[in-house]
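These notes concern the structure reproduced below.
The values are calculated or read from the model by the stated rules, or taken from the named source; none is laboratory data. The structure presented is a predicted model; accordingly, all values stated were derived computationally and were not measured. Each accessible area value is taken on the protein alone, full model and side chains, heavy atoms only, with ligands, DNA and RNA left out. Shrake-Rupley method; radii C 1.70, N 1.55, O 1.52, S 1.80 Å.
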Amino acid sequence: MADKRVVLCGANAYEQKYYFNKEFDKIPESIKEELHIICVLFTEEVGGIFTICFEEDGTLEFETTAAEEDYLYDEIGSGLLVKKIRDTKQELLQSLSLYYRVLFLHEDVSQLLAEE
């Protein structure tokens, strides 16, 4: 079964790199910067690899993984930080999901706004 997720962005604490998917270049710079900050601060705080992905239905998911030999990775802190990001950045995440559903999944924007 093929993975239908699309990576928006991510950060890797091991390589100290940030990735942003060029398919989403039309997203405003301020939002790109905010995503960059979220990803890098996440990996700085808990370690590992953190990615923000769109699921097949357009919902945003956070993925965090760590190398098996990474004993400094904070798995509990990771879960808490994901919850904090979901709570504090709820409006941003909803807007990104709406953006993806309209421009990439070609859903009707008026219908989507009526659902909210």
- Report P(r) for the chain: all Cα-Cα distances, bin width 10 Å, range 0 to the bin holding the largest distance, values in whole percent. 13, 43, 32, 10, 1
- Note on the structure: Residue-normalised value, i.e. accessible area per residue, for the chain at 1.4 Å probe, in Å², stands at 66
- Message: How large a share of the accessible area of the chain, in percent, is made up of carbon and sulfur atoms when the probe is 1.4 Å and the other protein chains stay in place?
- Response: 53
- Check cross-link reach from residue 89 to the aspartates and glutamates: straight Cα distance under 19 Å, and skip same-chain residues fewer than eight apart. 29, 33, 34, 44, 45, 55, 61, 63, 116
- Among the lysines, which fall within straight-line cross-link reach of residue 22, defined as a Cα-Cα distance under 18 Å, with same-chain neighbours fewer than 8 residues apart omitted? 4, 32
- For the chain, what's the relative contact order in percent, using C-alpha pairs closer than 8 Å and at least 6 residues apart? 23
- Would you calculate, for the chain, the mean residue ellipticity at 222 nm contributed by helices, counting each DSSP H stretch of 4 or more residues as -39,500 (n - 2.57) and dividing by all residues, to the nearest 500? -14500 deg cm²/dmol
- Query: Once Rh is set to the Kirkwood radius over Cα pairs, what Stokes-Einstein translational diffusion coefficient, in µm²/s, holds for region 40-82 at a temperature of 4 °C and a viscosity of 1.567 mPa s?
  - Reply: 118
